[in-house]
């Protein structure tokens with residue numbers, strides 16, 4: 001009789017740490033995550049490490065989605081992980097895979113010496129765990145309820161903005177003031193960026209409660225109200241959206257040049273193209 005078990009099975013990956021989602025599971029259902037406390041975090045597999053060496057796969061977001069689901073089995077659909085939890089989860093995977101440091105290179109602005117700094121990952125987790133963005137605001141007696149963007153929406157926004165920005169740079173390189181067609185083309189691209197911003201701001205609104213206590217959740221009605229109403233509504237929502245993004249951005253770390261001793265700040269960005277590398 002054929003033996004379908006292997007002695008290697010007992011040496012398979014084991015959880016390296018357990019995490020609680022900063023969002024506490026708000027905005028999720030069981031199709032996205034099965035629980036929001038004590039999620040097991042495994043290290044990346046050899047397949048995961050191979051996949052992150054393909055920049056295009058990282059840009060599409062599919063590789064990061066697969067890594068999240070492989071390393072945190074309680075997450076069933078990483079596309080719908082929101083911005084509150086996303087970097088926290090990625091930092092936890094980094095910690096589980098390579099230990100409590102990420103190496104970042106920085107050139108000294110005083111003497112041009114280039115140093116490598118080992119930035120600890122655990123403080124990143126601590127900061128992101130305790131950050132509390134605000135999603136309920138009040139404007140002119142209206143209560144506006146917001147939500148964070150999902151990973152899928154973040155990827156789509158980044159792709160769209162990068163495409164337009166790249167096209168804009170190409171046009172501006174050869175821009176001629178006396179060419180009306182180029183001017184129209186540039187104006188069109190700026191309008192596309194503005195349109196994308198408006199769509200994102202309106203999309204994160206889940207409900208508006210009027211001063212009379214009536215609720216509106218229809219996205220089209222909400223969009224029309226925000227874009228065709230008093231500017232204070234759109235401006236306040238956009239400001240809150242930007243402030244929330246700032247809150248979820250890791251604070252800089254103080255470092256010292258090994259040559260001249262000059263102090264400077266080093267910004268830790270969870271850039272997926274290098275965040276999952278061993279260095």
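Inside the stretch 30-61, can you point out the residues that are within 20 Å of the chain's Cα centre (by Cα) and within 14 Å of residue 76 (Cα to Cα)? If the condition is that a residue be within 20 Å of the chain's Cα centre (by Cα) and within 14 Å of residue 76 (Cα to Cα), then 32, 33, 36, 39, 41 are the ones that fit.
Residue count for the stretch 245-273 under the criterion of being under 11 Å from the mean Cα position of the chain (by Cα), modelled with pLDDT of 90 or more and exposed (fewer than 13 other Cβ atoms within 10 Å of the Cβ): the result is 0. Here residue 69 meets each of (1) free of Cβ contacts under 8 Å to residues at least 12 places away in the same chain; (2) over 25 Å from residue 127 (Cα atoms) with one exception, condition (2). Scan the stretch 107-124 and give yes if some residue there is under 21 Å from residue 16 (Cα atoms) and under 15 Å from the mean Cα position of the chain (by Cα), otherwise no. Checked the stretch 107-124: at least one residue is under 21 Å from residue 16 (Cα atoms) and under 15 Å from the mean Cα position of the chain (by Cα).
For the stretch 143-160, which positions are surrounded by 15 or more Cβ atoms within 10 Å (Cβ to Cβ) and either in a helix (DSSP H, G or I) or assigned by TED's automatic domain parsing to the domain that holds residue 33 (or both)? Those that are surrounded by 15 or more Cβ atoms within 10 Å (Cβ to Cβ) and either in a helix (DSSP H, G or I) or assigned by TED's automatic domain parsing to the domain that holds residue 33 (or both): 151, 152, 153, 154, 155, 156, 157, 160. The set of residues from the stretch 23-46 being without any contact (Cβ under 8 Å) to a residue 12 or more places away in the chain and either under 18 Å from residue 94 (Cα atoms) or outside the structural domain of residue 125 (by TED's automatic domain parsing) (or both) comprises just one member, 46. Among strands (runs of 3 or more DSSP E) entirely within the stretch 97-142, having at least 3 residues that are surrounded by 13 or more Cβ atoms within 10 Å (Cβ to Cβ) singles out 102-107, 114-119.
The values are calculated or read from the model by the stated rules, or taken from the named source; none is laboratory data. The structure presented is a predicted model; accordingly, all values stated were derived computationally and were not measured. Positions of Cβ are backbone-derived with ideal geometry, glycine not excepted, and every protein chain shown enters the neighbour counts.
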